[in-house]
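All remarks here apply to the structure that follows.
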Amino acid sequence: MTRALLVIDVQQGLCEGEGAAWDCANVIVRINRVAAQARSIGVPVVFIQHEDVTELGHGSRAWQLADGLLAEPGDLRVRKTTPDSFLRTDLQALLAARGVSELIVCGMHSEFCVDTTTRRALALGYPVTLVADAHTSAGNAALTPQQVIAHHNATLTNIASFGPRVRVVPCDELVATPLH
């Protein structure tokens, strides 16, 4: 299987202020570890950035990759306007051009773009490795961020109807084994 790493919406506007996602700094450290290993063995790293007309305007400081997130010149970029990283983007074409058949997913927010993109990837036939401690949430009125993360780690692994499955692996375990 040829893999690619999707880093979803790890953007400055989601890491600061009142609505900041939980534990951004540590999540970014773990994402950087996974991305460094991916690059070292030729696994494509794809940074996906959400944009809208209110909070994450294209080119604004809030839209930029989060402080501390390490991107390299050879990394790929995808702009999106919905929680689905495949919808009305060139993500699927980028993956197909590189022969990608399996995805590693991390980023923000667990219950929105990470969840939606993971489910869409399954529907498109991609098995997914979700980095258990490298996705995060701001939480909501019903659940803390930690509960949202735990819920998605448990729920996404139980989806079998698409065929391909989600496997949830902590960062330390993932970087201790080859990604290819």
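Matching residues to (1) in contact with a Ser or Thr (Cβ under 8 Å, 6 or more places away or on another chain); (2) under 19 Å from Ile28 (Cα atoms):
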position: Thr89; (1), (2): no, no
position: Leu103; (1), (2): yes, yes
position: Ser110; (1), (2): yes, yes
position: Cys113; (1), (2): yes, yes
position: Ala123; (1), (2): no, no
position: Gln146; (1), (2): no, yes
position: His152; (1), (2): yes, yes
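Go through Val114, Val131, Val148 for me and flag whichever is part of a helix (DSSP H, G or I), at pLDDT 95 or above and touching a Cys at 6+ places or on another chain (Cβ under 8 Å).
Criteria check complete, one pass: Val114.
Give the residues of segment 37-64 that are farther than 20 Å from Leu87 by Cβ and not in a loop (DSSP other than H, G, I, E, B), sorted by residue number.
Within segment 37-64, Gln37, Ala38, Arg39, Ser40, Val45 qualify.
Between a residue in segment 15-43 that is within 18 Å of Leu76 (Cα to Cα) and any residue that is assigned to a loop (DSSP other than H, G, I, E, B) and modelled with pLDDT under 95, which pairs come within a Cβ distance under 7 Å, given they are 6 or more apart or on different chains?
Taking only residues 6 or more apart or on different chains, the pairs are Gln37/Leu179; Ala38/Leu179; Ile41/Pro178; Ile41/Leu179; Ile41/His180; Val43/Leu179; Val43/His180.
Got a number for residues in segment 93-111 being outside any strand (DSSP E or B), crowded, with 23+ Cβ neighbours inside 10 Å and aliphatic (A, V, I, L, M)? Before the answer, list the steps.
Initial filter on segment 93-111 (outside any strand (DSSP E or B)): 93-101, 109-111.
Narrowing the set further to residues that are crowded, with 23+ Cβ neighbours inside 10 Å leaves 95, 109-110.
Next cut, aliphatic (A, V, I, L, M) only: 95.
Adding up the residues that qualify gives 1.
Please specify each residue of segment 134-155 satisfying the condition of being buried (at least 21 other Cβ atoms within 10 Å of the Cβ) and within 22 Å of Ala35 (Cα to Cα).
Ala134, His135, Thr136, Ser137, Ile149, His152
What's the number of the condition Thr177 fails, among (1) loosely packed, with under 14 Cβ neighbours inside 10 Å; (2) in contact with a strand residue (DSSP E or B) (Cβ under 9 Å, 6 or more places away or on another chain); (3) closer than 20 Å to Asp9 by Cα?
(3)
Does Phe162 satisfy the criteria of being over 13 Å from Leu6 (Cα atoms), among the aromatic types (Phe, Trp, Tyr) and either touching a helix residue (DSSP H, G or I) at 6+ places or on another chain (Cβ under 8 Å) or buried (at least 18 other Cβ atoms within 10 Å of the Cβ) (or both)?
Values: over 13 Å from Leu6 (Cα atoms): yes; among the aromatic types (Phe, Trp, Tyr): yes; either touching a helix residue (DSSP H, G or I) at 6+ places or on another chain (Cβ under 8 Å) or buried (at least 18 other Cβ atoms within 10 Å of the Cβ) (or both): yes.
Against the criterion (over 13 Å from Leu6 (Cα atoms), among the aromatic types (Phe, Trp, Tyr) and either touching a helix residue (DSSP H, G or I) at 6+ places or on another chain (Cβ under 8 Å) or buried (at least 18 other Cβ atoms within 10 Å of the Cβ) (or both)), Phe162 qualifies.
Here's a check for you: in segment 1-23, which residue that is among the small types (Gly, Ala, Ser) and not in a strand (DSSP E or B) is surrounded by the fewest Cβ atoms within 10 Å (Cβ to Cβ)?
Gly17
Just to be sure I understand, how many residues within segment 134-145 are more than 13 Å from Gly107 (Cα to Cα) and not in a helix (DSSP H, G or I)?
Total meeting the criteria: 6.
The values are calculated or read from the model by the stated rules, or taken from the named source; none is laboratory data. Bear in mind the structure is a predicted one, so any value in this text is a computation, not a measurement. All Cβ positions, even for glycine, are placed from backbone atoms using ideal geometry, and neighbour counts span all protein chains on display.
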